[in-house]
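Nothing in this text is a laboratory measurement; each read-out follows from the coordinates by a stated rule. Keep in mind the model is a prediction, meaning the values are calculated, not measured. Reconstructed Cβ throughout: ideal geometry from the backbone, glycine too, with neighbour counts over all protein chains shown.
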Amino acid sequence: MRRTASLRTMTEETVLRPADLIAPLFVVDGKPAPEEIASMPGVFRLNIADLVKECRALAKLGVPAVALFPKLDPGLKDDEGTHALDEETLVLRAVRAVKRAVPGMTVITDVALDPYTSHGHDGVLNAMRSDVENDRTVGLLAKMAVLQAQAGVDLVAPSDMMDGRVGAIRRALDAAGYTGVGIMAYSVKFNSAYYGPFREAVGSAKAAGTTLLSKATYQMNPANRREALVEAALDVAEGADIIMVKPAGPYLDIIREVRNATKKPVAAYQVSGEYAQLHAAARLGWLDLPRTRHESLLAIKRAGADMILTYFAKDMATVLRASR
Ligand code: PBG
């Protein structure tokens, strides 16, 4: 059944579509030109005008959704992430601009404090500064989610891994009248070294004055599989609409387990380090970028992901459209 191209197509089990892809995009304020992120070739921090252009281009290619990540001026950060609750903060202005210009685009925003805290953690710290303070953080996240809903997002995406935040966000959204705003929960988010380039992109590692910022007290231990199912089940019970596993490529077994355990849609996030490693190997001439890119995404879909957040979204959608 592999003898000819038509037989291979007939027996193909997994097909990647532009509609499977979600593009994570980085936003900055006021920079006239896009700034390329050193460890992520082809990925830029965009000002709002360029972000809108990028969203138009993605919509034309059939990519249905974008996930926005702000990079803030260090002067706006403090220990408490105070600026996260500012009604005119960068990401909220970006959401309004995108929804105005490309209303059909699904816009997703991160709910976590790391772009706003001077230490780069996803939450506020306890009095001893020894760990994040879960419950106080959850209260702030719920307020942040309501502001994002007010700005017009379709889905809020808590990426902080605090306990109980999905339920708190659902209640806060409903109480504020945003019953139609969904929750894409970063349910199974590992304490991964593959987030390195992202932290450079949003300046959350530098903010802490170290690249060794540990989130081990709230993100999952990469050694654990059963715990992933516990995390997914809790988020479903608390009202999550989409369950995410992150990173994707090194955790295909987890994607499959979660796919089998829930009836909710499953998302997987092919993170910055997964993108960086393929580009780095390709630059050295050691790997073929178009083929490894396609294969890496196909594997994530085959493992059970219904949708994939990937920095390859635009390039992949371009290729998929051309080869139809
Ligand atoms: C932070 C957040 C991170 C990513 C998305 N949201 C990094 C972290 O937890 O430090 C990583 C994405 C990537 O590496 O592409 N809330």
**OP:** Would you mind checking segment 286-307 for residues with the amide N under 19 Å from a putative spin-label position 7 Å along Cα→C-beta of residue 321?
**Re:** 290, 294
Original post:
Put a dot 7 Å past each Cα toward the Cβ at residue 217 and residue 291; how far apart are the dots in nm?
Top reply: 4.7
**OP:** Round to a whole angstrom and tell me the spacing of the C-alpha centers of segment 126-147 and segment 178-251.
**Re:** 16
Original post:
Given the chain, what percent of its DSSP beta bridges are antiparallel, to the nearest 5?
Top reply: 10
Original post:
Near residue 31, which lysines are there with a Cα under 19 Å away, not counting those fewer than 8 places off in the same chain?
Top reply: 53, 71, 77
Subject >> Computed [θ] at 222 nm, helices only, for the chain once each DSSP H run of length n ≥ 4 contributes -39500 (n - 2.57) >> reply: -12000 deg cm²/dmol
Subject >> Protection-proxy order for peptides 297-303, 144-150, each taking the mean of Cβ atoms within 10 Å per residue, highest first >> reply: 144-150, 297-303
Original post:
GNM on the chain, C-alpha springs below 10 Å: top fluctuator among 137, 117, 179?
Top reply: 179
